[in-house]
Amino acid sequence: MGSIGVDEITLTPLSRIAVNGGDVLHALKDTDIGFIDFGEAYFSVIEVGAIKAWKRHMIMTLNIVVPVGLILFVFVDDRGRYRYEYIGLKNYARLTIPPGIWFGFKGVGNVDSLLLNIADIKHDPAEVERKQLTEIFFDWESP
């Protein structure tokens with residue numbers, strides 16, 4: 001696999017349609033940029049202040065949406081370049097993360113967050129690398 005840069009992460013604004021009784025929040029269509037294939041979709045609850053870092057998928061492309069709360073995502077490429085994005089209901093968007101990017105995230109705000117990942121392959125523990133939080137430096141308090 002060649003070197004992938006943080007500039008290859010896509011941030012796509014998503015539609016939020018106001019409907020009586022509760023809004024409709026779009027996530028991903030098979031015609032959207034970022035859609036490759038469907039392997040699985042799952043939700044993760046991210047508690048306020050919780051940091052989950054670091055991992056890098058070698059094959060999987062992730063399409064991440066945060067329909068509840070707010071999450072800070074931090075990305076690091078092999079050249080040591082950083083990028084961060086806040087996504088959640090107030091900045092409703094989808095992050096498409098190609099394989100080869102180290103990333104972590106933190107629940108911010110005052111409510112637990114809900115993360116949806118629509119992945120192009122099923123989870124396979126053999127295709128993901130992990131590092132301890134201290135192995136990549138990032139100041140999670142003041143990005």
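The values are calculated or read from the model by the stated rules, or taken from the named source; none is laboratory data. Small disclaimer: the values here were computed from a predicted structure and weren't measured. With ideal geometry, Cβ positions are generated from the backbone for all residues, glycine too; neighbour counts draw on all protein chains shown. Heads up: the accessible areas ignore ligands, DNA and RNA and are worked out on the full protein's heavy atoms, side chains in. Shrake-Rupley method; radii C 1.70, N 1.55, O 1.52, S 1.80 Å.
Could you order peptides 51-58, 66-73 by the average number of other Cβ atoms within 10 Å of their residues, highest first?
On the way: 51-58: 17.6, 66-73: 21.2.
So the order, starting with the most tightly packed, is 66-73, 51-58.
How many Lys pairs in the chain lie less than 20 angstrom apart by Cα atoms, where the lysines are 8 or more positions apart or on different chains? Please report the intermediate quantities before stating the final value.
Numbers: K29/K122; K52/K106; K52/K131; K55/K106; K55/K122; K55/K131; K90/K106; K106/K131.
Total qualifying Lys-Lys pairs in the chain comes to 8.
Cα-based Rg of the range 7-143 per 2.2 N^0.38 Å, rounded to two decimals? Can you show the working numbers first?
Details: Rg = 14.7 Å, N = 137, 2.2 N^0.38 = 14.3 Å.
That works out to 1.03 for the range 7-143.
Once fully extended, how much extra length lies between V128 and E141, figured as 0.36 nm per residue of separation less the alpha-carbon to alpha-carbon distance?
Numbers: separation 13, 0.36 × 13 = 4.68 nm, distance 2.64 nm.
Working it through step by step, the gained length comes to 2.0 nm.
At 1.4 Å probe radius, can you tell me the per residue accessible area of the chain in Å²?
Numbers: 7720 Å² over 143 residues.
Here the residues of the chain average 54 Å² of exposed surface.
I59 label point, 7 Å along Cα→Cβ, cut-off 12 Å on backbone N: hits in the range 110-142?
120-128
Just going by the charge dipole of the chain, with Lys and Arg at +1 and Asp and Glu at -1 on Cβ, which of T96, T10, V68 is farthest out on the positive end?
V68
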